[in-house]
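What follows is a single structure, written as structure tokens, with notes after it.
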Amino acid sequence: MTRAASVRFVNVSKLYGGVRAVNNVSFEVAAGTLVTLLGPSGCGKTTTLRLVAGLERASSGQIFIGDEDVTALGAAERDVSMVFQSYALFPHLNVLDNVMYGPLASGAKRAEAQDMARDKLGLLGLAGFESRLPSELSGGQQQRVAVARAIVLEPRVLLFDEPLSNLDARLRRKVRDEIRELQQRLGLTVLYVTHDQQEALAVSDKVIVMDNAVIAQEGAPQELYERPCSRFLADFIGESNLIDGEFRTQDGRAEFHASGVSIPLGVTHVPPGAKTVALRPDRIRLRKATSAPLSIARRVYLGHSWEYTLAAPWGELLVVAPIRDEALPPGQAVELDIDPGAAIPLER
Amino acid sequence: MRRRSADTGLIDMAAATAAVACFAFAPWAYVGDARSGLAWVLDGRWPIAIPILACLATAWLARGGFATARARCAFSGLGAAALLLYGFFPFDGRPSLALGFGAAVTGSALVWQAARALAAAGAFKADRWVATTTVSIFAAVVLFVLFPVVQALLAAFFDRNGSFDLTLVLQRFTARDIWATDCLYSDRACGVVVNTFVLGALAGLISTMLGLAFALLAQRGGLKNTKIFDALSVLPIITPPFVIAMALVVLFGRTGVVTTFLDNYFYIPRSRWIYGLPGVLIAQVLSQTPLSYMILRGALQGIAPSLEEAAQTLRATRWRTFATVTWPLLRPAVAASVLLGFVESLADFGNPVVLGGSFEVLSTKVYFAVAGAQYDPGRAAILALILLAMTLSAFWTQSMWLGRNSFVTVTGKGDNGVPPPLPKGVRRAALGVVVPWVVLTVALYGVIAIGGFVTDIGRGAMTPTVKHFMTGFSVEMTANGLFFSGSAWDSFFVTVAVAAVAAPITTLIGILTAYVLSRHNFIGRGAFEFVTMLAFAIPGTVIGVAYIAAFNTPPVELAGTGLILVICFVFRNMPVGVRAGLAALSQIDKSLDEASTTLGATTGVTVRRVTLPLLKHAIVATMVFSFVHAMTAVSAIVFLVTARYNMATAYIVNRVDAGEYPLAIAYSSLLILFMLLVMLAIQLIVGERKLGRRGVPASPVGLGAH
Ligand SMILES: Nc1ncnc2c1ncn2[C@@H]1O[C@H](COP(=O)(O)OP(=O)(O)O)[C@@H](O)[C@H]1O
Ligand SMILES: [Mg+2]
């Protein structure tokens, strides 16, 4: 589809009374890519999405879709469709009429609208469900009707607000992959809101992490996971042990000292001023030691791995080890091996 | 472990003991004779002993436990049957006795024993508490709703001598003044059914239109302050139905304020247009609009804003969104509101009696067939039957229609959207009807507020005076203390007393019924629900006619007592308690009950400790509603009041009848003020403390209860 357009925010803010729901945000969604807005609940994701849809007006700043400045346009005038968190299917209309709603509202003839609707229903595997009411569909089917209704007008931008939140866990992965597959097949520009970091990492070309109404960091999924730029991000995307202490560098090899323990980090670039290290639990390996400041406090069997909680002078340290490794008993003193390049130095 | 105390037969024994004690010492009959049941038996009325013996036998068997359950059912059932049968058809050839205190205790004892025996036999899932509650309520409703209504309606099929006469029935049923349609094409009057139907349909449609306009403005109009709508919507609930009619006469009657103004300055001749269909219609629409408003506002709030937002993102304009999404989703509530308006109009008695003039409707015609010069119970019965049939068909239509047309909105987690503002045209139209209506309402309540303090507002005599209040409510200091010498005091005290006694009983029965209905499933549950809700659908006039017909003679002779007023209110308002209770209970998780039950509590304890505290809101709402309704109702009680037990509303209607508008208005304003104070006091005492869970909306909607 060639209609896909980019979305660009330039210094956009949105105030509700005194509350800043979105604070001076700038970003770009390239045409034909899937970008997720990720962040904890209440950080302003939905508001950002609604600003793109035109359901909210920006208090300041500019919004572009393609080259067009749409800041002043209402929802009905923007070429943008949205899949609502609750799906917002019209309960009094059957599946076909729901999907035909958009074309009819934009002035298409009935027959034409019907063809467009059937086409998209077929695409989403909903042929045969045309005359059902939304209440007669399963959660997954309702979701697909909502997607069909949103793409039937071939919008320049498609928006999803937490599309998986009303599905059960089993269905989530499937629908997630379907959305990604559809986006790539049709070359859609998609802005996708979620609070689930795994979901964001799995579907996105780019992830924009929001915190407290501002953008905390943006980048490709791998970049975000491997090089988070703050404590918040290191903890929010994947799990991290955050330890305060001091970096010492000798011959390009770094060590981290915290509460009298020194952890060798291998060859790592340490920016000046870094005071904290983030260690991913699965990038730490445990070695038996006779006596050390670290020992195993608890061990949990997770099927595919062991999860150890270590007692450390600064508190606790979480380590995840592959199940094929030898199980270490609680009380065992251990030393740490950090995978090369796996330690993440942070300034705060 | 689940613990359920064993039935040791103690309660059956206690019931029997009470029955025997009352049999031996308390007066058995209701009127005239203070002899106890024992004395009557010694006098030769041996059948009176049967229920007592049955009661004792049941109690004796109850010690035996399960094995004798069926025998207990049989004995207690037969005992109760014998009690009633001897009351209706004294088979020893003596005149029948009005059942009194002793008989009432014996009857209750037998009903309880029967309920416990049924539970012991496995009915009601062997839950004795549920069995006792259900059977008692069922028996009471049968006695005080089903029996009188059926008996009164049967009168339609018999002539004055009590023999069945089919030609007479047909003659009554096809009378010209019932069905004539002349007014549609000539200037002669229509039959009363046509009048009633036209009035009801118009009242339903117009009040719904107005209610819709109010609701749309309040929810989507972008108005700053909609509190005034809510304030206005409380007024009709505490306004006796005919008060609006009075105020309309004061404004628009032949000598009314507005009429005089128009005559003097615009040379519009005076006329009596307000008497008849237009006046009654305006009055009914005035009292019905707020209820429509509440229904439709609720429905609007129930439409997820994301639906309308979705339409917008699909390129629909505001107007298209309104027409294709908002309106279709609102339609079921609109239909419900129209039907409710129709039913309320059918049941209304106060407005047509004041404003009807020669325009007759069924409720007034029933009244005059009983209370008027041409006393004709058979005719009253046939009219009541037609009225009941119309009301029931309206309810039936509603449930059929709603069954097919309500939509199940599918939502999981919601989006917190913002509903779009109204299309400009719709908003302007809504404002266009709402503003004049608010002005009219304010003017009418202004009349009520001022009317009591001037000589005669109805004739434009506006000299300030307190003489009307003096006539009605003067209090004198005498040697023996305060003496309430005003003519209205008696009716005021009776009204407050009756309302205060009826309200808690209504609430208790209503909430208990709701609890049983929502939490327990048993054979006969459907019938139980139907019977308890029946009083909802029966217009007050029909109940009134039924009560004087059924309770004027033994065995249940209550006419002319204060008790009959209390009973009438209890069973008329009970369905409101049931509805409020059901609504509240549907929000309280069943698992709470179950948690308590698994902790070893019996059902009774669960209700007391767990459910009742959570139901506080619904209980208060029902209490307020039934108190207020007992003070404002007219239709049923005009049949039941007497010189000794007069009620405020009946007193006021009589003043209006006699043309004493100022006194009527003074009394009405005092009543309204009194109810406002009561509501405020309750609000203060109970407070708006939130329950642990979502607050229960406290807006019970009365159906046909005027
Ligand atoms: N209509 C509104 N009025 C006032 N505050 C709002 C409104 N919508 C959202 N907010 C506030 O804006 C902030 C961001 O909300 P939202 O964008 O819904 O968060 P998210 O989708 O990330 O959970 C929250 O603090 C929320 O309370
Ligand atoms: Mg959100």
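The values are calculated or read from the model by the stated rules, or taken from the named source; none is laboratory data. Predicted model, so just to flag it, every value in this text is computed and none were measured. Reconstructed Cβ throughout: ideal geometry from the backbone, glycine too, with neighbour counts over all protein chains shown. Please note that ligands, DNA and RNA were not included when accessible areas were found on the heavy atoms of the full protein model with its side chains. Shrake-Rupley method; radii C 1.70, N 1.55, O 1.52, S 1.80 Å.
Looking at B:LEU339, is it touching a residue at least 40 places away in the same chain (Cβ under 8 Å), in a helix (DSSP H, G or I) and more than 30 Å from B:TYR275 (Cα to Cα)?
Working: touching a residue at least 40 places away in the same chain (Cβ under 8 Å): yes; in a helix (DSSP H, G or I): yes; more than 30 Å from B:TYR275 (Cα to Cα): no.
The answer is no for B:LEU339.
Does the range A:322-339 include one or more residues that are under 20 Å from A:PHE232 (Cα atoms) and out of contact with any helix residue (DSSP H, G or I) (no Cβ under 6 Å at 6 or more places or on another chain)? Before the answer, list the steps.
Initial filter on the range A:322-339 (under 20 Å from A:PHE232 (Cα atoms)): none.
Looking for residues that are under 20 Å from A:PHE232 (Cα atoms) and out of contact with any helix residue (DSSP H, G or I) (no Cβ under 6 Å at 6 or more places or on another chain), one finds none in the range A:322-339, hence no.
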Item to check | Residues satisfying the stated conditions in the range A:45-64, i.e. in contact (Cβ under 8 Å) with a residue 60 or more places away in the chain and away from every other protein chain (no Cβ under 13 Å) | outcome: A:THR48
Checklist entry - Under 6 Å by Cβ, and 6 or more places apart or on different chains, what pairs join a residue from the range B:294-315 that is more than 10 Å from every other protein chain (Cβ to nearest Cβ) with one that is in a loop (DSSP other than H, G, I, E, B)? => result B:MET294/B:SER699
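Of all the residues that make up the range B:350-382, how many are open to solvent by less than 30 Å² (accessible area, probe 1.4 Å) and in a helix (DSSP H, G or I)?
Total satisfying the criteria: 16.
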Checklist entry - Filter the range B:316-333 for residues that are in a helix (DSSP H, G or I), open to solvent by less than 20 Å² (accessible area, probe 1.4 Å) and of a type in the set (A, V, I, L, M, F, W, C); which is farthest from the other protein chains (Cβ to nearest Cβ)? => result B:ALA333
Checklist outcome for this item: Only unsatisfied item for A:TYR308, checking (1) open to solvent by less than 40 Å² (accessible area, probe 1.4 Å); (2) modelled with pLDDT under 85, is (2)
Item to check | Hey, B:ALA497 assigned by TED's automatic domain parsing to the domain that holds B:MET647, assigned to a helix (DSSP H, G or I) and under 23 Å from B:ALA643 (Cβ atoms) or not | outcome: yes
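Can you give me the number of residues within the range B:320-362 that are among the acidic types (Asp, Glu) and more than 30 Å from B:ASP182 (Cβ to Cβ)? Quick ask: steps written out before the conclusion?
Just the residues of the range B:320-362 that are among the acidic types (Asp, Glu), to begin with: B:344, B:348, B:360.
Applying the additional criterion that residues be more than 30 Å from B:ASP182 (Cβ to Cβ) yields none.
Number of matching residues: 0.
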Checklist entry - Is one or more of the residues making up the range A:21-30 within 12 Å of ligand 1 (Cβ to nearest atom), in contact (Cβ under 8 Å) with a residue 24 or more places away in the chain, on the phi > 0 side of the Ramachandran plot and within 14 Å of chain B (Cβ to nearest Cβ)? => result no
Checklist entry - Out of the range A:104-113, which residues are in a helix (DSSP H, G or I) and at the interface with chain B (Cβ under 10 Å from one of its Cβ atoms)? => result A:LEU104, A:ALA105
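Of the residues B:ILE274, B:ILE268, B:ILE237, which is assigned to a helix (DSSP H, G or I) and either on the phi < 0 side of the Ramachandran plot or surrounded by 20 or more Cβ atoms within 10 Å (Cβ to Cβ) (or both)?
Numbers: B:ILE274 fails: assigned to a helix (DSSP H, G or I); B:ILE268 fails: assigned to a helix (DSSP H, G or I).
Only one candidate passes the filter, namely B:ILE237.
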Item to check | Which listed residue, of B:LEU216, B:LEU212, B:LEU205, B:LEU223, is in a loop (DSSP other than H, G, I, E, B) and assigned by TED's automatic domain parsing to the domain that holds B:PHE349 | outcome: B:LEU223
Next on the checklist: Of everything in the range A:146-159, what is within 10 Å of another protein chain (Cβ to nearest Cβ) and under 20 Å from A:ALA108 (Cα atoms)? Give them in sequence order.
Outcome noted: A:ALA146, A:ARG149, A:ALA150, A:VAL152, A:LEU153, A:PRO155
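Okay, residues lined up against (1) aromatic (Phe, Trp, Tyr); (2) more than 27 Å from the chain's Cα centre (by Cα):
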| site | (1), (2) |
| --- | --- |
| B:PHE89 | yes, yes |
| B:ALA103 | no, yes |
| B:VAL111 | no, no |
| B:LYS125 | no, yes |
| B:ARG128 | no, yes |
| B:THR134 | no, no |
| B:PHE147 | yes, no |
Checklist entry - If a residue has to be more than 25 Å from the chain's Cα centre (by Cα) and either within 16 Å of ligand 2 (Cβ to nearest atom) or assigned to a loop (DSSP other than H, G, I, E, B) (or both) to count, how many in the range A:54-77 make the cut? => result 7
Checklist outcome for this item: Taking the range A:83-95 and keeping residues polar (S, T, N, Q) and more than 7 Å from chain B (Cβ to nearest Cβ) leaves A:ASN94
Item to check | Out of B:PRO555, B:PRO539, sole residue that is out of contact with any Lys or Arg (no Cβ under 7 Å at 6 or more places or on another chain) and more than 24 Å from B:PHE88 (Cβ to Cβ) | outcome: B:PRO539
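For every residue, the table says whether it meets (1) part of a helix (DSSP H, G or I); (2) facing chain B (nearest Cβ under 10 Å); (3) buried (at least 23 other Cβ atoms within 10 Å of the Cβ).
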position: A:LEU37; (1), (2), (3): no, no, yes
position: A:SER81; (1), (2), (3): no, yes, yes
position: A:ASP97; (1), (2), (3): yes, yes, no
position: A:GLY102; (1), (2), (3): yes, yes, yes
position: A:ASP115; (1), (2), (3): yes, no, no
position: A:GLY122; (1), (2), (3): yes, no, no
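Determine, yes or no, whether B:SER406 is polar (S, T, N, Q) and modelled with pLDDT under 90.
Numbers: polar (S, T, N, Q): yes; modelled with pLDDT under 90: yes.
Yes.
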Checklist entry - Is there any pair with a first residue in the range A:193-204 that is in the same structural domain as A:VAL83 (by TED's automatic domain parsing) and a second that is aromatic (Phe, Trp, Tyr) and within 14 Å of ligand 1 (Cβ to nearest atom) whose Cβ atoms are under 7 Å apart and which are 6 or more apart or on different chains, and what are they? => result A:VAL193/A:PHE160; A:GLN197/A:PHE236; A:VAL203/A:TYR192
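Conditions tested, residue by residue: (1) open to solvent by 40 Å² or more (accessible area, probe 1.4 Å); (2) under 25 Å from the mean Cα position of the chain (by Cα).
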{"site": "B:THR226", "(1), (2)": "no, no"}
{"site": "B:ALA245", "(1), (2)": "no, yes"}
{"site": "B:THR255", "(1), (2)": "yes, no"}
{"site": "B:THR259", "(1), (2)": "no, no"}
Checklist entry - For residues in the range A:39-48 being near ligand 1 (Cβ under 7 Å from one of its atoms) and not polar (S, T, N, Q), which is surrounded by the fewest Cβ atoms within 10 Å (Cβ to Cβ)? => result A:GLY42
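Out of the residues in the range A:21-34 that are assigned to a strand (DSSP E or B) and more than 16 Å from ligand 2 (Cβ to nearest atom), state the one that is surrounded by the fewest Cβ atoms within 10 Å (Cβ to Cβ). Lay out the reasoning, then the answer.
The first filter runs over the range A:21-34 and keeps only residues assigned to a strand (DSSP E or B), leaving A:21-29, A:34.
From what's left, more than 16 Å from ligand 2 (Cβ to nearest atom): A:23-24, A:26-29, A:34.
On the way: A:ASN23: 17, A:ASN24: 15, A:SER26: 12, A:PHE27: 18, A:GLU28: 16, A:VAL29: 25, A:LEU34: 22.
Within the range A:21-34, the match that is surrounded by the fewest Cβ atoms within 10 Å (Cβ to Cβ) is A:SER26.
Hey, among the residues in the range A:125-143 that are under 19 Å from A:ARG172 (Cα atoms) and out of contact with any Asp or Glu (no Cβ under 8 Å at 6 or more places or on another chain), which one's nearest to the other protein chains (Cβ to nearest Cβ)?
Restricting attention to the range A:125-143, the residues satisfying the condition of being under 19 Å from A:ARG172 (Cα atoms) are A:125-126, A:137-143.
With out of contact with any Asp or Glu (no Cβ under 8 Å at 6 or more places or on another chain) added as a condition, the list becomes A:125-126, A:137-138, A:140-143.
Values: A:GLY125: 19, A:LEU126: 15, A:LEU137: 8, A:SER138: 10, A:GLY140: 12, A:GLN141: 10, A:GLN142: 6, A:GLN143: 10 Å.
The qualifying residue nearest to the other protein chains (Cβ to nearest Cβ) is A:GLN142.
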Next on the checklist: If a residue must be within 15 Å of ligand 2 (Cβ to nearest atom) and either surrounded by fewer than 22 Cβ atoms within 10 Å (Cβ to Cβ) or outside any strand (DSSP E or B) (or both), how many such residues does the range A:9-20 contain?
Outcome noted: 2
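Condition test on A:LEU51, is it assigned to a helix (DSSP H, G or I), buried (at least 20 other Cβ atoms within 10 Å of the Cβ) and within 12 Å of ligand 1 (Cβ to nearest atom)? Spell out the reasoning first.
Numbers: assigned to a helix (DSSP H, G or I): yes; buried (at least 20 other Cβ atoms within 10 Å of the Cβ): yes; within 12 Å of ligand 1 (Cβ to nearest atom): yes.
The answer is yes for A:LEU51.
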